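Novice: Starting off with a structure, shown below.
Coordinate-derived values only; no laboratory data. Not measured: the values here are computed from a predicted model. So basically every Cβ, Gly included, is an ideal-geometry build from the backbone, and we count neighbours across all protein chains shown.
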Amino acid sequence: MTVGLQIRGGSKVYPGTRALKSVDFDLHLGAVNVLVGENGAGKSTMMKVIAGVEQLTEGRILMDGAEVRFGGPDDARRHGIGIVFQELNLFPNLTVAENIFMGRERTRAGIDIDRAAQRRETRALMARLEQDIHPDTLLADLRVGQQQIVEIAKSLAQDARILILDEPTSALSAAEVEILFRVIGDLRRQGVGIVYISHRLEELLRIGDHITVLRDGAITGARPMAGVDLDWIVRAMIGGASKDYAKAIDHPFGPEIFRAEDVCLPRAGGMAVDQVSLSLRAGEILGVYGLMGAGRSEFLECVIGRHSHATGRLFIEGRPLTARSIAARIAQGIALIPEDRKNDGLVQILSIRENMTLSSLRAITTAGVHMNLGAERRTVAGFVKRLTVKIASMENPVSSLSGGNQQKVVIGKALMTNPRVLLMDEPSRGIDIGAKAEVFRTMRALAAEGLGIVFVTSDLEELMALSDRIIVMSNGRVTGRFDRRDATETALVAASAKGHAPASQEPAA
């Protein structure tokens, strides 16, 4: 296979950290080049260098044997390089078609935008991705997984010679992943060089042709995928054997700590959440499974108070939860870790310290007026250590962290409110195997301390390993309830495909 791009002696230095350390990397055309490593290993930095977003501090980039310098993303695009970032780079107030052609608008004689042509091409791209998304739909009206599809379509529209996919399946359902893999296969046959970054190691084994492993900014393994197995990848990533994040901490459950009865959320043409009832005991982890559009995230949003028009009854420790605002529900013991950490969980321009204490400022103020900065720093330092967040300084902007470490900051922010019920929406999205181990061990330890946890996941392995009980949703309704001992992947998938649950399945477990 032809090597289309090379990095030789590539180093990237940021204040307080060396993100890349003299890396040599070969990108093969007509192949899937998988890139793996723990959060903070340097994967995203290396891809930003290739995409022109960042420039090397030391070293060279070569294309077809000739040295090139990318002054910015537009320069890289002119060389045929496209990238789909893990954190989506889209405009929520524009339509799907406008997002796909932003900065590359189709025009009539260079005078005005040919919106009809953009719609036609958008329909063709959506058909190629087997999606029924209208070109005129506002991006803000799409779920995160659908927005990820739009980001992928945006790169496909550029006819890139090299396409970088950074965690492209993190918010996709199993069916959508299969579609994406078919598209990747077509691009590979057309000679496109694909860089595929994912923390789902089984995906890498299935789709990859070449593998490169990064650890602490250095390449610890690079070879064809033939003969590579999970143990080899994990050893190269973390320098040891696979981490078993699924071990439960055996502990007795306490009394019911949270109950939802007949929660409903109307939406145009139907119900996003339709008469959902469930109960949760102190110390219990309740997993919620379902395909995209099942209503899982919307249910959590109803509980935290995001939708004022939602109906139903909520109870915490037997007392009605009547407060309507998000702040009041946080004060009453509910905390949410949202699916979209970038937009809903963090303020990117603020420091790590400021982000982590955003929801618990009252606890670090004197007389509700003066902030005790010393107490704030000590508290944040404690959570940074507890969650093993990799930081150079808590005063650095949170945007300087890798995706997995940003997720840990969101989790820390929620835990600092001392919740009794923790809602977690796809907590492992974009987190590597080591970070997953730490987050999931934290979940088990919190449950052992009496916290009730409701967590939404699309990963069946995580669901069955971590959940004490499982609820399956489809089309806004509960379509299955399972004890961990009785759950099987086949039964869970079958329940997620149901249109509606019989009435007999509705009482809370």
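Novice: Across the chain, how many lysine pairs, 8 or more positions apart or on different chains, have C-alpha atoms separated by under 16 Å? Please give the number.
Specialist: Total qualifying Lys-Lys pairs in the chain comes to 17.
Novice: To the nearest 20 Debye, how big is the dipole of the chain about its Cα centre, given +1 on the beta carbon of each Lys and Arg and -1 on that of each Asp and Glu?
Specialist: Using only the charged Cβ atoms, the result is roughly 860 debye.
Novice: Given the stretch 3-238, what percent of its DSSP beta bridges are antiparallel, to the nearest 5?
Specialist: 60 percent
Novice: Also, quick follow-up: Given axes a ≥ b ≥ c from the Cα gyration tensor, I'd like to know whether the stretch 3-238 is rounded (a/c under 1.5), prolate (a/b larger than b/c) or oblate.
Specialist: Prolate is the answer for the stretch 3-238, as a/c is 1.5 or above and a/b outweighs b/c.
Novice: Using Cα-Cα distances under 8 Å and only pairs 6 or more residues apart, what relative contact order does the stretch 1-129 have, in percent?
Specialist: 19 percent
Novice: What value does the chain have for Rg/Rh, both radii from Cα atoms and Rh as Kirkwood defines it?
Specialist: Result for the chain is an Rg/Rh of 0.97.
Novice: Now for a separate question. Per residue of the stretch 134-143, in order, report the coupling 6.51 cos²θ - 1.76 cosθ + 1.60 (Karplus, θ = phi - 60°) as ³J(HN,Hα) in whole Hz, putting x for Gly and Pro.
Specialist: 6, x, 8, 5, 5, 4, 4, 8, 9, 6
Novice: How high is the relative contact order of the chain, in percent, with contacts defined as C-alpha pairs under 8 Å that are six or more residues apart?
Specialist: The value is 16 percent.
Novice: Same structure, new question: Taking +1 at the Cβ of each Lys and Arg and -1 at the Cβ of each Asp and Glu, which of Leu265, Gly72, Ala153 sits farthest along the dipole of the chain towards its positive end, judged by Cα position relative to the Cα centre?
Specialist: Of the listed residues, the answer is Gly72.
Novice: Could you work out [θ]222 nm for the chain from helices alone, using -39500 (n - 2.57) per DSSP H run of at least four and dividing by all its residues? Round to the nearest 500 deg cm²/dmol.
Specialist: -9000 deg cm²/dmol
Novice: Let me ask another. Compute the signed sum of charges (Lys and Arg +1, Asp and Glu -1) over the other residues within less than 10 Å, Cβ to Cβ, of Arg377.
Specialist: Its environment carries a net charge of 0.
Novice: Taking H as built 1.01 Å from N, whose amide H comes closer than 5 Å to the amide H of Thr365, not counting residues under 5 places away?
Specialist: Asn372
Novice: Sort 437-448, 382-393 for me by packing, meaning the mean count of neighbouring Cβ atoms within 10 Å per residue, highest on top.
Specialist: Ranked by mean Cβ neighbours within 10 Å, highest first: 437-448, 382-393.
Novice: Further, regarding this structure: Quick check: the distance between the Cα centres of the stretch 52-125 and the stretch 132-146, to the nearest angstrom?
Specialist: So the two Cα centres are separated by 19 Å.
Novice: Put +1 on the Cβ of every Lys and Arg and -1 on every Asp and Glu Cβ in the chain; which of Ala116, Leu466, Phe181 then has its Cα farthest towards the positive end of the dipole?
Specialist: Ranked along the dipole, the leading option is Leu466.
Novice: Now a separate question. Taking 8 Å as the Cα distance limit and 6 or more residues as the minimum spacing, I'd like the relative contact order of the stretch 256-315 as a percentage.
Specialist: RCO, the stretch 256-315: 44 percent.
Novice: Quick check on the chain: of the DSSP beta bridges with both residues there, what percent are antiparallel, nearest 5%?
Specialist: Given both bridge residues lie in the chain, the antiparallel proportion sits at roughly 60 percent.
Novice: Could you tell me the convex hull volume per residue, in Å³, taken over the Cα atoms of the stretch 1-137?
Specialist: Here the figure is 168 Å³ per residue.
Novice: Follow-up. Residue farthest toward the positive end of the dipole of the chain, with Cβ of Lys/Arg at +1 and Asp/Glu at -1: which of Leu358, Ala282, Pro338?
Specialist: Ranked along the dipole, the leading option is Leu358.
Novice: Now for a different question. In debye, nearest 20: dipole of the stretch 3-238 around its Cα centre with unit charges on the Cβ of K, R (+) and D, E (-)?
Specialist: Once rounded to the nearest 20, the dipole reads 420 debye.
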